[in-house]
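The values are calculated or read from the model by the stated rules, or taken from the named source; none is laboratory data. Because the structure is predicted, anything quoted here is derived from the model rather than measured. Cβ sites come from the backbone with ideal geometry, for glycine too, and all protein chains shown count toward neighbours. Ligands, DNA and RNA are excluded from the accessible area calculation, which covers all protein heavy atoms including side chains. Shrake-Rupley method; radii C 1.70, N 1.55, O 1.52, S 1.80 Å.
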Amino acid sequence: MATSSKVQVILDKFAEVSARVGNQTHMRSLRDAFATITPLYVMAGLAVLVSQVVMPLVLSGDALASAQLWGSAIGLGTLNFSAIIFAGVLGYCLAVNKRFDNAIACVVIGISAFVVMMPQTIVATVGSAVHATSVTDKTAATMSYPIDSLAGNLGMPEGYELTGVDATGAFATTSTGANGLFGAIVIGLLAVTLFIRLSGIDRLKVNLGEGVPPAVADSFNVMIPMLLTLSVFGLGAAVLAGFGTDFLSLIAACIDAPLKGVMNTGPWAVVVIYTFANLLFCLGIHQSTISGVLAEPILTMLIIDNMATFASGQPIPADHYMNMQIINSFALIGGSGCTLALLLDTFLFSKSKSSREITKLSILPAIFGVNEPVIYGYPVVFNLPLMIPFVLIPDLLIAATYGLTCAGFIAPCVVQVHWTTPPVLSAFLATGGDWRAAVWQVIEIAIAMAIYLPFMKVSEASQRRGSS
């Protein structure tokens, strides 16, 4: 009994600390922002799927190239612009969670500060020609010169060719797209936090008096805090430029790359995070408190990278095999803990009337990944026999799916499919139409059912003893 009491104390303390971390304002805002822009990534995934898988089945040549512009346009407005959109959404979510009364101003600050910190000069890829216009006659026709004709005139050593030029007045998609997401997170949180703090200082507010339209009054109230915030970030951008770098490059080198390296070197970091996350769910606190903060941002960036790579027709690098879609499609079948398997076991083998009633109510939501009725109604929460497979099965499926992907038995995930997509279909779509992935998902469900079954029987036996 003493040992049991100590274990309970440890679990309670773990739940308390995890809840504090997950409910911290900035962490909650980050989780809310990713949830808000998920439809953008799903739309981008569908566009990639249609353009790269469906269209080549029915079109070819110039007709195919023209039709694929549809997918390219959607990719430009979603994947390639996602960091800028995210900076604004994060600003809004932080304002809401801090209960700041001018959330739209935080959207402006988030986007503006992020753009301020972008590099002002980029290396642009050179196409097949360069174009020249007359500096004296604005009506003169533009002239084009093939790149090959210029290479020799630039004094480059033999064997070199012109591949890029410095460009100003332009943004690189490496900054505005998925690779800029971590920069958007850091800058968005810092800039909006500073702006809200400054907005709380009464001396910095400009009061225009009564009779002024609310929108005008609100804009003047935050004018000085907005100017000061952007000035601080502008000064930071200028200082870094003096050292030949920029903030986004520093973020990519010091934070983004190391964290991606931890996540994509294998399944182990992800397994550890989801072990604790699912254990937390068994204690009544949603697993996203841990996974939504520690893993999902990085894993989402990796699947977004895969979508862009797949859309360009390039092979997916092995260090991107682990990503968010492996979790959603292959490890959380029916929701956290792969509880669809538990419901199928109950439907086929259970003799408990109450469990079968819960299954009838829960089976349809579980098909679409919603399993809170199972977690709290079956229940899994504080049900020690069911806690064990609930925590271990996703770990097993993450490692197995990653191993099969590395071995080439199933294709890597290249499309972000919404987490509510039903099993089999989700695996098929996520891997760009690989039927083997759909078969593997069926096998996963069978494996999970086999693991859950004895624990389900133990759980029912303990319930019968408790009621007698």
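Within segment 369-389, which residues are open to solvent by less than 10 Å² (accessible area, probe 1.4 Å) and over 24 Å from the mean Cα position of the chain (by Cα)? Within segment 369-389, Val374, Ile375, Val380, Leu386, Pro389 meet the criteria. Within segment 428-444, track down each residue that is aliphatic (A, V, I, L, M) and either surrounded by fewer than 19 Cβ atoms within 10 Å (Cβ to Cβ) or under 14 Å from Val42 (Cα atoms) (or both). Result: Leu429, Ala430, Val439, Val442, Ile443. Scanning segment 432-468 for residues that are of a type in the set (S, T, N, Q) and modelled with pLDDT of 95 or more yields a single hit, Gln441.
Do the conditions hold for Val239, that is, is it part of a helix (DSSP H, G or I), open to solvent by 50 Å² or more (accessible area, probe 1.4 Å), modelled with pLDDT of 85 or more and not assigned by TED's automatic domain parsing to the domain that holds Gly369?
Working: part of a helix (DSSP H, G or I): yes; open to solvent by 50 Å² or more (accessible area, probe 1.4 Å): yes; modelled with pLDDT of 85 or more: yes; not assigned by TED's automatic domain parsing to the domain that holds Gly369: yes.
Yes.
Of all residues being under 14 Å from Pro267 (Cβ atoms) and in contact (Cβ under 8 Å) with a residue 60 or more places away in the chain in segment 404-426, which is surrounded by the most Cβ atoms within 10 Å (Cβ to Cβ)? Just the residue, please. Here the answer is Cys413. Per the listing Ile363, Ile304, Ile326, Ile298, the residue uniquely modelled with pLDDT under 85 and either outside any loop (DSSP other than H, G, I, E, B) or touching a strand residue (DSSP E or B) at 6+ places or on another chain (Cβ under 8 Å) (or both) is Ile298.
In segment 377-394, the residues that are outside any loop (DSSP other than H, G, I, E, B) form Cβ pairs under 7 Å with partners that are of a type in the set (S, T, N, Q) and open to solvent by 20 Å² or more (accessible area, probe 1.4 Å), at six or more places apart or across chains, as follows: Pro385/Ser462; Val391/Thr275.
Going by what's in this entry, would Leu342 be described as open to solvent by less than 20 Å² (accessible area, probe 1.4 Å), in the same structural domain as Pro423 (by TED's automatic domain parsing), closer than 17 Å to Glu444 by Cβ and not in a loop (DSSP other than H, G, I, E, B)? Judged against the criteria, Leu342 is a match. The criterion of at least 1 residues that are crowded, with 17+ Cβ neighbours inside 10 Å and either in the same structural domain as Ala308 (by TED's automatic domain parsing) or not β-branched (Val, Ile, Thr) (or both) is met, among helices (runs of 4 or more DSSP H) falling completely within segment 50-121, by 55-58, 69-77, 82-97, 103-116.
Among the numbered conditions (1) closer than 23 Å to Asp319 by Cα; (2) in a loop (DSSP other than H, G, I, E, B); (3) open to solvent by less than 50 Å² (accessible area, probe 1.4 Å), the only one that Thr401 does not meet is (2). Which residues, taken from segment 76-107, are over 18 Å from Val186 (Cβ atoms) and among the aliphatic types (A, V, I, L, M)? Across segment 76-107, the qualifying residues are Leu76, Leu79, Val96, Ala103, Ile104, Ala105.
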